[in-house]
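Student: Below is a structure I'd like to ask you about.
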Amino acid sequence: MTSELRTNKVVPGSGTTVTLGDSGDTISIPAGVTVSGLAASATTDTTNASNITSGTLPIARLPDSYAWHAGVKAAAGSGYQTLSDAVTTRVQFDIEIYDPNSGYDPTTNHRYTVPTGGDGTYFVGSTVDVYCSSYMYYAYIYLYKNGSIVTYNRFSRENSATGPVYYIPMNVNAVVPMTAGDYFHIYVNVSGNGTDYVLGSNSSSFGEGNFYGFRI
């Protein structure tokens, strides 16, 4: 049996498939050998990644810098945002906690706009604490994309419920495809037998509510 085969090219005698070895065999590629033109569907257990100099291999992309996190401080550091009863109102997330690509606007529109190059699918979420000075009838939280509702969550006090409800933590999230220029808002609608609020924080560095997202 020949222990070494020297040739410049191996081609199939018929068909289009060349088989190296039999089931159970091990084919070793020594260190320093370069494998050129490995296709995306090819696999090997013994080749170091540094030895693959051409071709394409699939990879998993981790969350990147197209992300944001904002909180509620509320106007003039009052610690809350006053709501009109039973009116759908944009939540003023006015603390910019994390925003490496400057996509979030904490002062005017309180929204995240996907920057150029940020096309993709995003996980978006929000937690908001709503409060009524007397008792609450219901509360809704909405995720908007480009001015339209994507999804929502709600609390409703049933007639059979016992005792007043003053405070409810609300949350909403979704996975949404986005392109550059698309934008997200969070809205709430609260109704109660008193004055309604979104609670915030008196701190300038963190908020009680959260509005966040990242490309996946």
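The values are calculated or read from the model by the stated rules, or taken from the named source; none is laboratory data. Keep in mind that what you see is a predicted model, and the values were worked out from it rather than measured. All Cβ positions, even for glycine, are placed from backbone atoms using ideal geometry, and neighbour counts span all protein chains on display.
Student: Could you please let me know if Ala74 is touching a strand residue (DSSP E or B) at 6+ places or on another chain (Cβ under 7 Å), within 30 Å of Pro115 (Cα to Cα) and modelled with pLDDT of 75 or more?
Tutor: Judged against the criteria, Ala74 is not a match.
Student: A further question follows. Mind listing whichever residues of the stretch 107-119 are surrounded by fewer than 16 Cβ atoms within 10 Å (Cβ to Cβ) and either in a strand (DSSP E or B) or hydroxyl-bearing (Ser, Thr, Tyr) (or both)?
Tutor: Once the filter is applied, which keeps residues that are surrounded by fewer than 16 Cβ atoms within 10 Å (Cβ to Cβ) and either in a strand (DSSP E or B) or hydroxyl-bearing (Ser, Thr, Tyr) (or both), the stretch 107-119 yields Thr107, Thr108, Thr116.
Student: Here is a follow-up. Please find, among Tyr80, Tyr138, Tyr187, the residue that is over 27 Å from Phe214 (Cα atoms), in contact (Cβ under 8 Å) with a residue 24 or more places away in the chain and out of contact with any His (no Cβ under 6 Å at 6 or more places or on another chain).
Tutor: Unique residue meeting the criteria: Tyr138.
Student: Here is a follow-up. Could you please let me know if Asp85 is in a loop (DSSP other than H, G, I, E, B), surrounded by 12 or more Cβ atoms within 10 Å (Cβ to Cβ) and modelled with pLDDT of 75 or more?
Tutor: yes
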